[in-house]
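The values are calculated or read from the model by the stated rules, or taken from the named source; none is laboratory data. Please read all numbers here as calculations on a predicted model, not as lab measurements. With ideal geometry, Cβ positions are generated from the backbone for all residues, glycine too; neighbour counts draw on all protein chains shown. For the accessible areas, the whole protein counts, side chains as well, though only heavy atoms, and no ligand, DNA or RNA atoms are used. Shrake-Rupley method; radii C 1.70, N 1.55, O 1.52, S 1.80 Å.
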Amino acid sequence: MRQTPTPPHISPVSPQGRDLRSLRYAEHFLTWALRTSVACSPHCRMLQREFVHAFGPEPSEGLRAFHGWLLALSRGRRRLEIGRPGLITLTRDEEMLLSLLTAAQTGEAGRFTAQARFIMGAEPGEALYAAAHALMDLMDRRGHGLPIPKESRRDLPAVTPCAGQAPRLKAV
């Protein structure tokens, strides 16, 4: 029996991860769009049809925002593990990308930058945050925002820097 090789831009996926059936529409849509763009083409007709469903009869603004995010993300050095379309579980990288988009949606630039450094394996450019923020702003305006985890909510006390003494580090 002949085995078809995995395309070079898609890594084999471990069977562990969140089940796609437990995701909300925005998470499922973004994961599916990412997988379809990587495995097929960002100009795939199915992809464009789903953008019409998500963004209405004129999906060009959504497609531009999504393609801008993909292009900015592709400038990273780290190879991402993206599942093939139809895979029922999320890969760890796909979960991190959803978390990255949530940080962009909530305007948490510091969290976004820290996550983007790991995801990309390099310092993220301004274009990545701008593209992710534009995409999530557009999705949120269409009623398809990502769920915001409890730790990202604004009810946490603000962290204030130390005043007075210089910080000291003590090894134990």
> Just for the stretch 56-85: of the residues that are assigned to a loop (DSSP other than H, G, I, E, B) and open to solvent by 70 Å² or more (accessible area, probe 1.4 Å), which one is farthest from residue 30 (Cα to Cα)?
Replying inline: 77
> In the stretch 86-97, which residue that is surrounded by 21 or more Cβ atoms within 10 Å (Cβ to Cβ) and of a type in the set (A, V, I, L, M, F, W, C) is nearest to residue 127 (Cα to Cα)?
Replying inline: 97
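One line per residue, one yes/no per condition, for (1) assigned to a loop (DSSP other than H, G, I, E, B); (2) out of contact with any Phe, Trp or Tyr (no Cβ under 9 Å at 6 or more places or on another chain); (3) at negative phi; (4) at pLDDT below 95:
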{"position": "3", "(1), (2), (3), (4)": "yes, yes, yes, yes"}
{"position": "9", "(1), (2), (3), (4)": "yes, yes, yes, yes"}
{"position": "37", "(1), (2), (3), (4)": "no, no, yes, yes"}
{"position": "46", "(1), (2), (3), (4)": "no, yes, yes, yes"}
{"position": "54", "(1), (2), (3), (4)": "no, no, yes, yes"}
{"position": "105", "(1), (2), (3), (4)": "no, yes, yes, yes"}
{"position": "111", "(1), (2), (3), (4)": "no, yes, yes, yes"}
> Quick one: is residue 154 loosely packed, with under 10 Cβ neighbours inside 10 Å, at pLDDT below 85, within 15 Å of residue 107 (Cβ to Cβ) and of a type in the set (Lys, Arg)?
Replying inline: yes
> Which members of the stretch 111-133 meet the condition of being open to solvent by less than 50 Å² (accessible area, probe 1.4 Å) and either out of contact with any Asp or Glu (no Cβ under 8 Å at 6 or more places or on another chain) or without any contact (Cβ under 8 Å) to a residue 12 or more places away in the chain (or both)?
Replying inline: 112, 113, 115, 116, 120, 121, 122, 124, 125, 128, 131, 132
>> I'm checking my understanding of the structure. Among residues of the stretch 32-43 that are out of contact with any Cys (no Cβ under 8 Å at 6 or more places or on another chain) and open to solvent by less than 20 Å² (accessible area, probe 1.4 Å), which one is nearest to residue 139 (Cα to Cα)?
In response: 33
>> Condition check: crowded, with 17+ Cβ neighbours inside 10 Å, under 16 Å from residue 95 (Cα atoms) and without any contact (Cβ under 8 Å) to a residue 40 or more places away in the chain. Does residue 26 satisfy that?
In response: no
